[in-house]
Structure formats: C-alpha cells, structure tokens
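Report on the structure given below.
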Amino acid sequence: MIDESGLLLAPLVRRSLAPAGQTPVLRQRARHRDKVSLTAALCLSPRRQRLSLRFRTFPKEYVNNVRTAEFLRALLRDLRGQVIVLWDRGNMHKGDPIRELQQRFPRLQLEWLPPYAPELNPIEQLWNHLKYAKLANFAAEDAQELNQVARKHLHRIKRSPSRLQSFLDAADLPFM
C-alpha cells in the first residue's frame, strides 16, 4: 500500500494542556507556502506476515509520477518476488513513468483502491497519526526543520511493529 501526503509549515492547532491563564502561543516565522511532501509504503511480507514501512520525504517539493516511479524502483530493489501495489487513483500513480516501470518490471502488479475510499488505505492512518498526534501544535522554523522532525517520527514508527499493525487493522480491507 502506497500513499502520499504533505506537511505544511503552519502548525496544525489542536487542544493542548497549559497552566490556567497561560494560553499557549504558536509562533510561525517561516513562509506559509513551504511544505514537506511525503510518500510511504506499508509492506506486508506474504511468507513471514511481517510489516515494514518505507518512506521518502521531499522538502519544498511535490510528489509527481516521476518521483513515485523512483520510489517504486527503490522498493523493487529492496523487495523480492512478486510485488503487488495497492493505491488510490491519484495522478502521481498514472502516466508514462509508471507504465515504463511496469514494462521493465513484470513482477510489479498495480491494483487500484475504489475511488473516494481513504478508509481502505492503511497509510492514511499513518498520516493521521503523524499529523494529528506527533506533529500537532508543532511550529517549525523552516521546511528543513519540519522534514527533520517528520523523519525522526517516521523512523520511530518504522521500528514499532505494533504501531504498523494498528494502521493495517484500522483499514477496512476485506482480505486482511
């Protein structure tokens, strides 16, 4: 399962605890249009039934079909045997770079999620956890700091099999 997302420099403001009468203030000095784009894959080994997380971050950039093809190519280097990719119908999952990759790697099989069904994609749970739990109320100085903090959290998540399993369990996939 593969999906993309983005993190904005403007903090995602959530309820927080503070001493009475001392309202927390989030100061943001960075340009509000800067962002960090992300792409991630939750990989399930059919033999070992083991989950792993692979990801890439793109500070101040967007994920397009060229970057998606590069990410898939890296996955194919790391994963053995048949690789079945389950993803949504985003434009970054279509086009010549993806078709060329399919032709070069016959072991790559692409399957589409139904339209407008984010609840079926476990990676959406990863994005929710990252944005609404780990990075809530975080005001980065710039895109590089946001990228560094996001990568730190993604590496921690990557090392937590129970957290990865919770993302898969939360998805309403009929075959899981």
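Kindly express, to the nearest 10 degrees and within the range 0 to 90, the angle between helix 143-158's C-alpha long axis and the longest C-alpha principal axis of the chain.
With both axes taken from Cα atoms, the answer is about 60 degrees.
Please list, by residue number, every one of the chymotrypsin sites (Phe, Trp or Tyr not before Pro) in the range 107-176 that is coil in DSSP and has at most 10 other beta-carbon atoms within 10 Å.
TYR116, PHE175
Once you've got the GNM for the chain with C-alpha springs shorter than 10 Å, pick whichever of LEU164, LEU76, LEU86 has the biggest mean-square fluctuation.
Greatest mean-square fluctuation among the candidates belongs to LEU76.
Determine the distance separating the Cα centre of the range 98-168 from the Cα centre of the range 54-93; give it in Å without decimals.
The two parts, judged by their Cα centres, are 11 Å apart.
What aspartates and glutamates could a cross-link reach from LYS35, if we take a straight Cα to Cα line under 14 Å and drop same-chain neighbours fewer than 8 places away?
Cross-link targets: GLU4, GLU61, GLU141, ASP142, GLU145.
Per 0.36 nm of contour for each residue apart, how much would the distance between GLN148 and LEU44 grow if the chain were fully extended, relative to their Cα-Cα spacing?
Extending this stretch completely gives an extra 34.8 nm.
Longest exposed-loop-site-free stretch of the chain, with GluC sites (Glu not before Pro), DSSP loop and at most 14 other Cβ within 10 Å?
62-140
Given the -39500 (n - 2.57) contribution per DSSP H run of 4+ residues, what per-residue ellipticity at 222 nm results for the chain, rounded to the nearest 500 deg cm²/dmol?
After summing the helix terms and dividing by the residues of the chain, the value is -9500 deg cm²/dmol.
Treating the angle as unsigned and between 0 and 90°, give the value, to the nearest 10°, between the Cα long axis of helix 65-78 and the longest Cα principal axis of the chain.
The helix 65-78 is inclined about 70 degrees to the chain.
Longer than 19 Å from Cα to Cα, which of LYS131/LYS158; LYS131/LYS152; LYS94/LYS131; LYS134/LYS158 are they? Say none if no pair is.
Long pairs (Cα-Cα over 19 Å): LYS94/LYS131.
Could you tell me what percent of the DSSP beta bridges with both partners in the chain are antiparallel, to the nearest 5?
Approximately 75 percent, going by the DSSP bridge assignments.
Which residue fluctuates the most in the chain, going by a Gaussian network model with Cα springs under 10 Å, if the choices are ALA41, ALA139, ALA117?
Result: ALA117 has the largest fluctuation of those listed.
May I ask for the angle, rounded to the nearest 10°, between helix 161-170 and the longest principal axis of the chain, with both axes built from Cα atoms and the value confined to 0 to 90°?
Helix 161-170 sits at roughly 80 degrees to that axis.
Computed from the coordinates by the stated procedures, all read-outs in this text should not be read as laboratory data. This structure is a prediction, so every number in the text was calculated from the model and none was measured. Note that we place each Cβ from the backbone using ideal geometry, even for glycine, and neighbour counts take in every protein chain shown.
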